[in-house]
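> Here it is, the structure in full.
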Amino acid sequence: MRFLIVTGMSGSGKSTASRVLEDEGYFCVDNLPILLLSKFAEIVLDDETGVNNVAVGIDIRSGETFKYLEEELAKITQMGVKYEILFLDADNATLIKRYKETRRDHPLARGARIEDGINKEREIIAFLKADADYIIDTSNLLTRELRGKIIKHFIKEDEARPFHVMFLSFGFKYGIPTDADLVFDVRFLPNPYYDLSLRNLTGNDPEIQDFVMKYSQSKEFLDMLEEMLTFLIPNYIDEGKMGLVVGIGCTGGKHRSVTIANKIYERMRKMPYNVQCNHKDIDK
């Protein structure tokens, strides 16, 4: 088990770091009461909990009980838990700017200057920074850059969650899926609906697939769609996106959209992503 203490300056990105860790499978608890830390460690050590990696967010929001942190850390060390400390920091100017943008007060600066609260906080948590295993200065980091650093340090390559791609066929007459990131309209393709022998079949049937794919524009569209997605997905990943829903629509969501969704799925599933295909309106 990896037991990680996520701490640092208020406004330095601790919440973002915790979200990244949670997305990657860590059991995350934020602002755990200090006096419960050793008890919490005892609970997660139990094999029956099924917890593999833990991230506990601790900072000066704990108030007066923060002074007991060193004692609680000593207790979990005695229990055989080898904890690590991730300390997130940023310079005063950046922290002040972030507080101004969010229009929030610093926890230690109620009614006083933000910088006074920041300086007081630095003094209180200095021992944590001195003992930290990892220090990340977020002053000049974009969110995606912080995410990359967190994954690099705390996620094994074989444990990283693969990028998820869902190809979702649908019928425009039933509405565009609300979770679609990209939407492609294939109503420009010839419609097998008007062939009475094909009307009751779907894009899962070979007859419909043969009908749709015999036209050159179908093959050309697939080639261009594959090329575009091959370009886009690595850039989405670099930006910190976790997944992509690609909506492919025709009039009723039974023939053309299903065929194209199936075909692009077959092409893209060879890529190192978690690729799935689903047909929203095929039974309507």
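> If ligands, DNA and RNA are left out, what is the accessible area of His279 with a 1.4 Å probe, given in Å² to the nearest 10?
40 Å²
> Turning to a different aspect of this structure: Where the eigenvalues come from the Cα gyration tensor of segment 177-284, what are the semi-axes √(5λ) of the equivalent ellipsoid, largest first, in whole Å?
Working from the Cα gyration tensor, I get semi-axes of 26, 14, 11 Å.
> Rounded to the nearest 0.05, what FRET efficiency do Tyr134 and Lys173 give with R0 = 41 Å and r taken as the Cβ-Cβ distance? Could you check? The partial results should precede the final answer.
On the way: r = 53 Å, r/R0 = 1.29.
Rounded to the nearest 0.05, the efficiency is 0.20.
> Moving on to the next point. ³J(HN,Hα) across segment 250-261 via Karplus (A = 6.51, B = -1.76, C = 1.60, θ = phi - 60°), whole Hz, x for Gly/Pro?
In residue order, the calculated couplings are 10, 5, x, x, 10, 10, 5, 5, 5, 4, 5, 4 Hz.
> Give me the distance in nm between label points sitting 7 Å out from Cα along the Cα-to-Cβ direction at Met1 and Asp91, one decimal.
4.0 nm
> Let me ask another. Got a sec? What order do Ser15, Ser257 fall in by accessible area at 1.4 Å, biggest, i.e. largest, first?
My answer, sorted largest first, is Ser15, Ser257.
> Let me ask something else. For Met79 and Asn200, calculate 0.36 nm times their separation in residues minus their Cα-Cα distance, and state this gained length in nm to one decimal.
Value of the extension gain: 37.0 nm.
> In whole Hz and in residue order, list the ³J(HN,Hα) couplings for segment 223-236 that follow from phi through the Karplus curve 6.51 cos²θ - 1.76 cosθ + 1.60, θ = phi - 60°; x for Gly and Pro.
Computed from phi, the couplings for segment 223-236 are 4, 5, 5, 4, 4, 5, 5, 4, 7, 6, 4, x, 6, 5 Hz.
> For a quick check, take a GNM of the chain with Cα springs below 10 Å and name the residue from Pro272, Pro162, Pro33 with the largest mean-square fluctuation.
Judging by the Gaussian network model, the answer is Pro272.
> Right, something else. Gly8's amide H: which non-local residues (gap 5+, or another chain) put their own amide H closer than 5 Å, with H modeled 1.01 Å from N in plane and none for Pro or chain starts?
Long-range HN contacts for Gly8: Leu88.
> In percent, how large is the relative contact order of segment 136-246, given Cα pairs closer than 8 Å and 6 or more residues apart?
Dividing the mean separation by the residue count of segment 136-246 yields 46 percent.
> For a Förster distance of 30 Å, can you work out the FRET efficiency between the beta-carbons of Ser216 and Lys270, rounded to the nearest 0.05?
So the FRET efficiency works out to roughly 0.80.
> Pop the C-beta distance of Arg104 and Lys241 into the FRET formula with R0 = 35 Å and round what comes out to the nearest 0.05.
Computed FRET efficiency for Arg104 and Lys241: 0.80.
> Taking only Cα atoms and a 10 Å spring cutoff, compute GNM fluctuations for the chain and point out the largest among Glu239, Glu145, Glu227.
The residue with the greatest mean-square fluctuation here is Glu227.
> Still on this structure, please answer the following. Counting only protein heavy atoms and using a 1.4 Å probe, what share of the accessible area of the chain belongs to carbon plus sulfur, as a whole percent?
Here carbon and sulfur together make up 48 percent of the probe-accessible area.
> Let me ask something else about it. Once both labels are modelled 7 Å past Cα along the beta-carbon direction, what's the Arg122-Leu45 spacing in nm?
Distance between the two pseudo-spin positions: 3.7 nm.
> Still on this structure, please answer the following. Quick one: accessible surface of Met1, probe radius 1.4 Å, all protein chains present, in square angstrom to the nearest 10.
Spelled out: Met1, probe radius 1.4 Å, area about 110 Å².
> Take Ile282, Ile264 and sort them by solvent-accessible surface of the protein heavy atoms, 1.4 Å probe, largest at the top.
Ile282, Ile264
> If I stretch the segment between Arg144 and Phe66 completely, what's the gain in nm (0.36 nm per residue apart, minus their alpha carbon distance), one decimal? Walk me through the numbers on the way to the answer.
Numbers: separation 78, 0.36 × 78 = 28.08 nm, distance 3.08 nm.
Taking Arg144 through Phe66 to full extension adds about 25.0 nm, to one decimal.
> Given the rule -39500 (n - 2.57) for each run of at least 4 DSSP H residues, summed and divided by the residues of the chain, what is its mean residue ellipticity at 222 nm, to the nearest 500 deg cm²/dmol?
Details: 10 runs with 113 residues, N = 284.
The per-residue figure over the chain is -12000 deg cm²/dmol.
> Hey, what did the chain get for relative contact order, percent, Cα under 8 Å, at least 6 apart?
It comes to 20 percent, rounded to a whole number.
The values are calculated or read from the model by the stated rules, or taken from the named source; none is laboratory data. On a predicted model such as this, the values are computed, not experimentally measured, just so you know. Heads up, the Cβs are rebuilt from the backbone with ideal geometry, glycines too, and the neighbour counts pull from every protein chain shown. These area figures cover heavy atoms from the full protein model, side chains too; ligands, DNA and RNA do not enter into them. Shrake-Rupley method; radii C 1.70, N 1.55, O 1.52, S 1.80 Å.
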